[in-house]
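For reference, the structure discussed in these notes is given below.
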Amino acid sequence: MELRLAQIDDAEAIRVIYNNEVASGTATFDLTPRTLEQQRDWLTERSGAHIVLVAEVDGVIVGFGALSRYMQRPAYSTTVEDSIYVRPEDQGQGIGEAILARLIERASEHGFHTIIARIGSESEGSIALHRKAGFEDVGKEREIGRKFGRWLDVVIMQRFVLRQEN
């Protein structure tokens, strides 16, 4: 498996993986599949310190992960939010773990202080993955999303990358 920075030509493969979760899962609260143009825009917005990585096996993108801006206000600029998606047929093979480890490394290299993970509470594998990588539960938002006719909770997890004194 190769982990590398995503390129604009990877947008379609990323879109297929993401839209599968839009249509059939609760890892994202999006209800409408992304178009190729929207996916390209999403990729373009993540450049510099905010990145997208892809995991490639035998020339096929099997997963991706991103470090995104956490909030728009300037005081949040040293915090990022991670997201990780792996094709269903490739889950459980350590791909998500490798992506998350590299995202943590990149967050450290770029000087971020902390990473937030906001995970749908039904995504038990993602919660376990983040715990294994040193994330701690810091809260839960109850019934804040509605998908497939039911209310959904979000688990909030956090991992410090760089600890600095005031």
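Each reported figure results from applying straightforward, stated rules to the coordinates on display, with no laboratory input. Worth saying up front: this structure is predicted, and the values here are computed from it rather than measured. Here the Cβ is made from the backbone with ideal geometry for all residues, glycine too, and neighbour counts use every protein chain on show.
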Most fluctuating residue of Ala49, Ala98, Ala75 in a GNM of the chain with Cα springs under 10 Å: which is it? Ala75
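As a test of the definition: which semi-axes, in Å, follow for the chain when you take the square root of five times each eigenvalue of its alpha carbon gyration tensor? Largest first, please.
22, 20, 16
If I stretch the segment between Ile8 and Asp58 completely, what's the gain in nm (0.36 nm per residue apart, minus their alpha carbon distance), one decimal? Write down the numbers at each step before the final one.
Working: separation 50, 0.36 × 50 = 18.00 nm, distance 1.92 nm.
Result: 16.1 nm gained on full extension.
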Would you tally the net charge around Leu36, using a Cβ to Cβ cut-off of less than 13 Å, leaving Leu36 out, and scoring K and R as +1, D and E as -1? -2
Sum -39500 (n - 2.57) across every DSSP H segment of at least 4 residues in the chain, then divide by the residue count to get the 222 nm mean residue ellipticity, nearest 500. -9000 deg cm²/dmol
